[in-house]
2 protein chains.
Amino acid sequence: GGGLGDPEVSDSHPLAGFRLQAVLKESARDKVIFLHGKVDGDSQEPQDTVVILERVPFQADAVSGLLSQRPPVTLQLKNDIYSVYHLTPPPALNEIKTTVICPATEKHIKKYLRQDLFLIHETGEDYKAVTLPFIEAQSFSIQWVYNILEKKAEADRIEYENPDPEHGFILIPDFKWNQKQVEDLYLIAICHPRGIKSLRDLTSDHLPLLRNILIEGQDAILKRYGFHGNKLRIYLHYQPSYYHLHVHFTALGHDAPGISVERAHLLHDVIQNIESDPRYYQIRTLTYALRADEALLAKFREVGKC
Amino acid sequence: GGGLGDPEVSDSHPLAGFRLQAVLKESARDKVIFLHGKVDGDSQEPQDTVVILERVPFQADAVSGLLSQRPPVTLQLKNDIYSVYHLTPPPALNEIKTTVICPATEKHIKKYLRQDLFLIHETGEDYKAVTLPFIEAQSFSIQWVYNILEKKAEADRIEYENPDPEHGFILIPDFKWNQKQVEDLYLIAICHPRGIKSLRDLTSDHLPLLRNILIEGQDAILKRYGFHGNKLRIYLHYQPSYYHLHVHFTALGHDAPGISVERAHLLHDVIQNIESDPRYYQIRTLTYALRADEALLAKFREVGKC
């Protein structure tokens with residue numbers, strides 16, 4: 001770009017000479033795509049650029065007006081009372097929000113790079129042979145969790161505590177929640193006893209702890225926020241993001257990250273499963289997704305499990 | 001519509017005379033809007049219609065081509081290396097997927113109306129006393145399902161069939177998927193046997209059917225789309241949206257609606273649970289969310305359960 005030809009036209013367009021290097025990530029649900037490209041910038045060298053394209057939300061009055069004016073439609077399929085069309089709207093209803101990061105560093109590019117996901121069906125044996133040794137070798141620090149439990153950090157954020165060292169817990173807002181509206185309510189119960197790494201360690205010994213978290217957690221949220229237990233999703237993650245037992249409380253209407261069936265386990269179901277079989281979580285196959293770059297996935301591949 | 005003017009033109013447009021009655025629901029994240037309107041149908045009376053507009057996902061090669069051709073852009077803001085533009089693309093990249101339900105009943109309109117959610121813990125006894133009588137009294141038509149199974153509709157969309165009347169099924173793309181990119185892959189397996197209403201009816205008698213769906217469904221998707229089973233989320237809904245057993249296949253990286261822990265049940269887990277206890281789904285408490293306006297919620301309230 002720039003150069004000798006017509007610098008004004010060339011430099012005026014932020015994407016002049018765009019060449020796609022890679023699709024970093026895309027979401028069909030969100031209608032967004034993240035691209036890595038080279039563009040001809042002001043400098044001599046082509047510049048690395050991240051381009052984020054996102055379709056814009058509908059505005060009710062604009063689309064209502066459009067529909068009343070017989071827009072061009074093409075029938076795709078029809079079955080009984082249901083039909084699907086492709087509708088071609090006028091350009092004004094079709095802007096694409098375009099974010100350009102230029103020049104982009106390696107770090108920007110990596111930030112937006114999507115990793116493939118792979119499903120693991122982890123048997124009880126797999127846990128003992130692959131996952132547990134992996135967790136123990138990691139020694140991922142959970143000092144920040146102990147700081148909370150010992151009131152050395154975030155003590156002013158504690159919403160409720162049952163101080164029993166064996167069957168107690170602390171309830172604290174999740175960082176993702178700003179506590180300004182209950183629509184996206186998100187709290188975490190962190191158990192006082194140490195050494196319960198995850199769902200896999202739970203047996204009937206832990207039923208009093210789990211029931212305390214379920215009952216007292218709901219009570220505390222009702223008292224503090226007037227938000228009833230029958231509007232709460234209460235669940236554990238497997239794999240969790242850190243290996244000290246904790247339980248998530250989110251508003252049922254909030255589409256929080258990590259609520260999907262291959263990661264979340266309802267506390268109500270966990271209690272029921274242990275009641276019916278105290279060794280349920282030691283013997284059951286548990287299914288979860290791992291990203292392509294996760295070290296645990298490499299361990300499963302070493303033993304031919306994925 | 002119809003009438004005296006130009007009946008051919010008038011009747012040819014599915015949205016002729018569209019007047020907005022209400023915005024039922026919208027999602028800025030998903031770029032979708034659900035409208036209730038009146039249209040001039042073939043009959044004398046205007047007809048209630050639900051119109052669902054959804055922007056389509058980006059296709060990498062199409063947008064990459066677009067960006068390299070200096071599309072019209074308008075600068076919105078600039079800060080250091082970050083800038084935001086509005087980009088106006090050509091009409092071909094801008095179709096809006098338009099689903100029309102006409103004539104729509106009260107029930108269809110309610111289905112898409114945004115409502116508060118309440119969690120139900122349905123015991124096996126609750127199912128027999130409350131839910132089953134409710135389902136049987138509803139007689140919600142599933143003629144469209146039988147049309148597919150009998151090849152009276154959508155026969156050209158069938159991706160795979162195991163024709164066994166007891167242990168067979170048909171695999172078909174979900175309406176939500178346009179089949180253009182595998183990122184949001186979404187197919188449905190509809191079982192051939194009739195009368196299996198939901199998860200609650202499943203016993204060890206159905207293990208051969210469930211295993212066929214699991215194994216053959218994955219095989220068919222691998223052969224047709226080159227998409228491996230370890231990248232698929234395979235699950236049932238409880239409550240389902242219609243009471244004829246069906247199984248969802250979605251891409252693991254696709255954040256599809258209805259994958260949350262309070263609605264989805266992994267087929268892998270369902271098979272495992274029935275193997276360990278043939279009456280698991282008759283006796284277990286199953287947790288799910290109901291919208292404030294759902295008739296089933298009113299039934300649970302009548303018996304003091306919510």
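The values are calculated or read from the model by the stated rules, or taken from the named source; none is laboratory data. Since we're looking at a predicted model, the values are computed, not measured. Ideal geometry is used to build each Cβ from the backbone, glycine not excepted, and the neighbour counts take in all protein chains shown.
Observations, loosely collected:
- Residue among B:TYR160, B:TYR85, B:TYR112 that alone is touching a residue at least 12 places away in the same chain (Cβ under 8 Å) and away from chain A (no Cβ under 14 Å): B:TYR160
- Flag if A:ALA28 is over 30 Å from B:PRO173 (Cα atoms), among the hydrophobic types (A, V, I, L, M, F, W, C), without any contact (Cβ under 8 Å) to a residue 60 or more places away in the chain and at the interface with chain B (Cβ under 9 Å from one of its Cβ atoms): no
- Looking across the range B:57-91, the residues that are touching a strand residue (DSSP E or B) at 6+ places or on another chain (Cβ under 9 Å), more than 21 Å from A:ASP30 (Cα to Cα) and part of a loop (DSSP other than H, G, I, E, B) come down to B:SER68, B:PRO71, B:PRO72, B:ILE81.
- Any chance B:THR131 is of a type outside the set (A, V, I, L, M, F, W, C), crowded, with 16+ Cβ neighbours inside 10 Å and not assigned by TED's automatic domain parsing to the domain that holds B:VAL39: yes
- Any hit, the range A:152-161, residues being touching a Pro at 6+ places or on another chain (Cβ under 9 Å) and at pLDDT 95 or above: yes
- One residue alone among A:ILE109, A:ILE101, A:ILE81 is among the β-branched types (Val, Ile, Thr) and in contact with an Asp or Glu (Cβ under 8 Å, 6 or more places away or on another chain), and that residue is A:ILE109.
- Residues located in the range A:92-113, provided they are within 30 Å of A:GLN59 (Cα to Cα) and touching a strand residue (DSSP E or B) at 6+ places or on another chain (Cβ under 7 Å): A:GLU95, A:ILE96, A:LYS97, A:THR98, A:THR99, A:VAL100, A:ILE101, A:TYR112
- B:LYS128 being over 30 Å from B:GLU183 (Cβ atoms), assigned to a helix (DSSP H, G or I) and at pLDDT below 90: no
- Residue, farthest from the other protein chains (Cβ to nearest Cβ), within the range B:233-253, restricted to residues that are over 18 Å from A:HIS265 (Cα atoms) and surrounded by fewer than 21 Cβ atoms within 10 Å (Cβ to Cβ): B:TYR243
- So B:GLU122, is it touching a helix residue (DSSP H, G or I) at 6+ places or on another chain (Cβ under 7 Å) and of a type outside the set (Val, Ile, Thr): yes
- Taken over the range B:277-306, the criterion of being in a helix (DSSP H, G or I) and either at pLDDT below 95 or of a type outside the set (Ser, Thr, Tyr) (or both) is satisfied by B:GLN282, B:ILE283, B:ALA295, B:LEU296, B:LEU297, B:ALA298, B:LYS299, B:PHE300, B:ARG301, B:GLU302.
- Among residues of the range B:254-299, those that are among the small types (Gly, Ala, Ser), more than 9 Å from chain A (Cβ to nearest Cβ) and in contact (Cβ under 8 Å) with a residue 12 or more places away in the chain, counted: 3
- Taken as a whole, the range A:181-194 holds no residue that is of a type in the set (D, E, K, R) and in contact with a helix residue (DSSP H, G or I) (Cβ under 7 Å, 6 or more places away or on another chain).
- Residue selected from the range A:92-125 under the condition in a strand (DSSP E or B) and in contact with a Gly (Cβ under 9 Å, 6 or more places away or on another chain), by the criterion modelled with the lowest pLDDT: A:LEU117
- Within the range B:115-157, restricting attention to residues that are of a type in the set (Asp, Glu) and at the interface with chain A (Cβ under 10 Å from one of its Cβ atoms), the residue that is farthest from A:PHE227 (Cα to Cα) is B:ASP156.
- Pairs, first at pLDDT 95 or above in the range A:215-227, second hydroxyl-bearing (Ser, Thr, Tyr), C-beta under 6 Å, six or more apart: A:ALA220/A:TYR160
- Failed item, numbered, when A:LEU75 is tested on (1) closer than 30 Å to B:THR98 by Cα; (2) more than 7 Å from every other protein chain (Cβ to nearest Cβ); (3) at pLDDT below 90: (3)
- For the range A:25-39, the count of residues that are modelled with pLDDT under 90, farther than 30 Å from B:ILE142 by Cβ and exposed (fewer than 13 other Cβ atoms within 10 Å of the Cβ) is zero.
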